[in-house]
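The values are calculated or read from the model by the stated rules, or taken from the named source; none is laboratory data. Being a predicted model, the structure only gives us computed values, none of them experimental. Quick reminder, even Gly has a Cβ in these numbers, built from the backbone with ideal geometry, and neighbours come from all protein chains shown.
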Amino acid sequence: MDFDNVMRKRHSIRKYSMKKVSFDQITEICEAARFAPMAGNIYTIKLIIVSDEKKKQELSEAALGQEFIVKASYIIVVCSNLAQLKRTYSTKAEAYARQQAGAAIQNMLLKTTDLGLASCWIGAFDQNAIKRILRIPDDIQIECLLPIANSMEEPREIKKPDLKMILYFEEWGQETAKPEKKVPA
């Protein structure tokens, strides 16, 4: 798929088939996270791949009862380790970690779509429960859960707001661009 097509087709899918996703595809999705921008080239992202049925059920419960994730072949738990980032960037570390995680997650979601698979960015969960289930240390931040599966529905283009609805020029609220000044010859 070309990039524009992948970007337009990517959307949250919650209806999964029982057809198994190959582990090679999972590693491709995880590989996409490595290419996200990282402040100071400090990689904070850590990934946990979960395929155990009991753990998937427990994660579903920790994700506030989002049962659909149990049907996924795998759940990738995206985490951040901020230790080095805090040493380098101090008070900015938290913001940078969130930005880095978002970029890595988006790369993974786009790769999932590119492979013809389904996912949904799960951000609603009980952090402490997931840490207990997966033995994640207290100082690690859980960013999201990404269930990866084959879809029971065809990816489709989702209607998004027109660019003019989100774009300002030069300052907040300025909805039109000022004409460019011509430079005398």
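Quick look at the numbers
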quantity: Cys120 under 20 Å from Met108 (Cβ atoms), in a strand (DSSP E or B) and not aliphatic (A, V, I, L, M); calculated: no
quantity: Given (1) within 30 Å of Ile42 (Cβ to Cβ); (2) in contact (Cβ under 8 Å) with a residue 24 or more places away in the chain, index of the condition Ala118 fails; calculated: (1)
quantity: Yes/no for Thr112 being surrounded by fewer than 14 Cβ atoms within 10 Å (Cβ to Cβ) and either at pLDDT 95 or above or not hydrophobic (A, V, I, L, M, F, W, C) (or both); calculated: no
quantity: Answer residue from the range 34-53, given it is of a type in the set (Val, Ile, Thr) and touching a strand residue (DSSP E or B) at 6+ places or on another chain (Cβ under 7 Å) and is surrounded by the most Cβ atoms within 10 Å (Cβ to Cβ) among those; calculated: Thr44
quantity: Selection count where residues are free of Cβ contacts under 8 Å to residues at least 60 places away in the same chain and under 17 Å from the mean Cα position of the chain (by Cα), scope the range 121-144; calculated: 3
quantity: Conditions (1) part of a helix (DSSP H, G or I); (2) at negative phi; (3) without any contact (Cβ under 8 Å) to a residue 60 or more places away in the chain; number of the one not met by Ser90; calculated: (2)
quantity: Residue match in the range 169-177 (condition: outside any helix (DSSP H, G or I) and buried (at least 18 other Cβ atoms within 10 Å of the Cβ)); calculated: no
quantity: Candidates Ile140, Ile122, Ile136, Ile158, filtered to the one that is modelled with pLDDT under 95, within 26 Å of Val21 (Cβ to Cβ) and β-branched (Val, Ile, Thr); calculated: Ile158
quantity: The range 10-33, residues that are closer than 15 Å to Asn150 by Cα and buried (at least 17 other Cβ atoms within 10 Å of the Cβ); calculated: Arg10, Ile13, Arg14, Tyr16, Val21, Gln25, Ile26, Ile29
quantity: Single unsatisfied condition, Ala36 versus (1) touching a residue at least 40 places away in the same chain (Cβ under 8 Å); (2) closer than 13 Å to Leu146 by Cα; calculated: (2)
quantity: Test: Lys164 is outside any loop (DSSP other than H, G, I, E, B), under 13 Å from Val77 (Cβ atoms) and over 11 Å from the mean Cα position of the chain (by Cα); calculated: no
quantity: Answer from Ile105, Ile136, Ile142 - the residue that is part of a strand (DSSP E or B) and among the hydrophobic types (A, V, I, L, M, F, W, C); calculated: Ile142
quantity: Single unsatisfied condition, Trp172 versus (1) over 19 Å from the mean Cα position of the chain (by Cα); (2) under 30 Å from Asp2 (Cβ atoms); (3) aromatic (Phe, Trp, Tyr); calculated: (2)
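This table checks each residue for (1) farther than 23 Å from Leu115 by Cα; (2) assigned to a loop (DSSP other than H, G, I, E, B); (3) acidic (Asp, Glu).
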{"site": "Met7", "(1), (2), (3)": "no, no, no"}
{"site": "Met18", "(1), (2), (3)": "no, yes, no"}
{"site": "Gln25", "(1), (2), (3)": "no, no, no"}
{"site": "Glu31", "(1), (2), (3)": "no, no, yes"}
{"site": "Phe35", "(1), (2), (3)": "no, yes, no"}
{"site": "Glu61", "(1), (2), (3)": "yes, no, yes"}
